[in-house]
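Student: Next up is a structure, given as structure tokens.
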Amino acid sequence: MGTALEVLKIERFIMSRFFKYFLWIFLGSNILWYFFSSIWPYYLNILASLLISFGVCLITSRSTDEVASCLCGWRREDASQQDWLAGEMNKIRLLKRQRNFDKAFALVNDLLDKVPNFPEALYIKGHLLWEGFKNPWAAENYFRRVIELTEDNQPVHRWASSCLSGLYSKVSY
């Protein structure tokens, strides 16, 4: 994005723009409130002015990330790999729940290309192979890999063990 000084200049610019919008909108709404005070409580006037100012600032800004970073202190760089992994896993689980196995399988493969020994993704891939593609022999390898990578007390370890038990009871070699 740029140096710290550039970021500070952008943040100051957006904050000054936000407060400028807020003042104009608040003054305009005060004039309206004067005439309609019987049906419009004053705290709603302040709240509406803040929300409208935020909306106008978002519309006129180059990106929503800039506005969010100024007003809330959030930066895209703050999202850690753990947050990214959690988001990707949620997408995969949703696709699996919707029985969209092909897309879920493609996403889990992409994730495993980036993070090859991620136990939860390996478990989901095994489950997709077993449930979605009816390939218990390929699924077995992924469940075994999860068991190798995790401790006995971790939930994903127990899930993989349970799946292996179920797999062995349903499939005879």
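None of the figures in this text is laboratory data; all of them are computed from the coordinates on show. These figures come from a predicted structure and were not determined experimentally. Cβ: placed from backbone, ideal geometry, glycine included. Neighbour counts: every protein chain shown.
Student: Quick one: what do you get for region 95-144 if you divide its Cα Rg by 2.2 N^0.38 Å? Present the calculation step by step, with values, prior to reporting the outcome.
Tutor: Numbers: Rg = 9.9 Å, N = 50, 2.2 N^0.38 = 9.7 Å.
The reported ratio for this selection is 1.02.
Student: Using only alpha carbon positions, build the gyration tensor of region 81-170, then give the equivalent ellipsoid semi-axes as the square roots of 5 times its eigenvalues, largest first, whole angstrom.
Tutor: Calculated on Cα positions only, the semi-axes equal 19, 17, 11 Å.
Student: For region 81-170, what is the charge dipole size about the Cα centre, in debye to the nearest 20, if Lys and Arg each add +1 at the Cβ and Asp and Glu each add -1 at the Cβ?
Tutor: Rounded to the nearest 20 debye, it is 420 debye.
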